[in-house]
Amino acid sequence: MKPGNTPLVELRHLAPDGTRLFAKLEWHNPTGSIKDRASWFMFENARRDGLLTPGSPMIESTSGNTGIGLARLAAIHGHPMTICLPDNSTAERKQLLRAYGAELIEVDGGPNDSIEVAKQLVADGEGYMCYQYGNPGNPESHEFGTAVEIIRDWPLEAPPEHAFCAYGTGGTLTGTSRGLRKSYPDIRIHSVEEFVHDPISGMRSQDDPFQPPVADLSLVTDRHEVTKPDAFAAVRATMDAEGHFIGTSSGAILHAALTHLSDHGGTAVALLPDAGWKYLSGPPWVELG
């Protein structure tokens, strides 16, 4: 099953009065996240270009979702898969990776530390790494997939004024922005980020010392830093108002979108990377017992 063609739905009850807010529900992809798109492009490109040969081992550094997407493809096509990820990744993500047959190397530290461990494995000849942070297939999957779908499905006569994307690897932000600007040259691109000392899984800050090579931050017109409490509050508000159980980064994106629309008005599209199912073992849900 190829990823893509996810729903674009209006959040009628959540949007501030006088505004229109639409959400791209990316948990409708095969393993439940937007990262299935990049995983598919990077994997297929590597096979096409002879970088990944039949049965050869694969390695990836991930906070979870890209690794899950690649582990699915590795299982289907018979590639041993090693995933380097932060040891504080949620239990659900680790369980799903193991269910797809991946070997996990849990790294003490954050995503940047996992990247270095994976790079050393590649240097030691342990396998091929798609390297989502530097692979052009990552943004291409959104320029020629996600953005095209948004343009195709946009229901209003007037174009969207704003697009809100999480800044993680930079692939979604860069590729979607490039694709949308082809049809909507005046659209404002909003980068939604974590505070550098208040990490949100799958997100990063422009203040982080490591900036992914695929990220083109010149496309960004507005920048929003979101705290975990604000992200969790938006998750709760979305459940109550719309019934969608969204993940933490999706909550951060919606917090930024709702705050901006409340202050400035307009029409917007928000890319929601995943649902909340992979976060239930972490705060705040674990506290519910």
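The values are calculated or read from the model by the stated rules, or taken from the named source; none is laboratory data. Everything quoted here is computed from the prediction, not taken from an experiment. Cβ: placed from backbone, ideal geometry, glycine included. Neighbour counts: every protein chain shown.
Worth pointing out:
- Unmet criterion (only one of (1) at pLDDT 95 or above; (2) in contact with a Pro (Cβ under 6 Å, 6 or more places away or on another chain)) for GLU161: (2)
- 1 or more residues touching a His at 6+ places or on another chain (Cβ under 9 Å) and basic (Lys, Arg): qualifying helices (runs of 4 or more DSSP H) within the stretch 137-244: 171-183
- Residue match in the stretch 91-111 (condition: touching a residue at least 60 places away in the same chain (Cβ under 8 Å) and closer than 17 Å to PRO212 by Cα): yes
- Evaluation of LEU254 against (1) touching an Asp or Glu at 6+ places or on another chain (Cβ under 8 Å); (2) surrounded by 23 or more Cβ atoms within 10 Å (Cβ to Cβ) (one fails), failing number: (1)
- Hey, THR174 within 25 Å of SER114 (Cβ to Cβ) and either surrounded by 15 or more Cβ atoms within 10 Å (Cβ to Cβ) or within 16 Å of the chain's Cα centre (by Cα) (or both) or not: yes
- Applying the condition of being farther than 19 Å from GLU44 by Cβ and touching a residue at least 12 places away in the same chain (Cβ under 8 Å) to the stretch 119-145 and asking which residue is surrounded by the most Cβ atoms within 10 Å (Cβ to Cβ) yields LEU121.
- Residues in the stretch 91-118 that are touching a helix residue (DSSP H, G or I) at 6+ places or on another chain (Cβ under 9 Å), among the β-branched types (Val, Ile, Thr) and surrounded by fewer than 20 Cβ atoms within 10 Å (Cβ to Cβ): ILE105 only.
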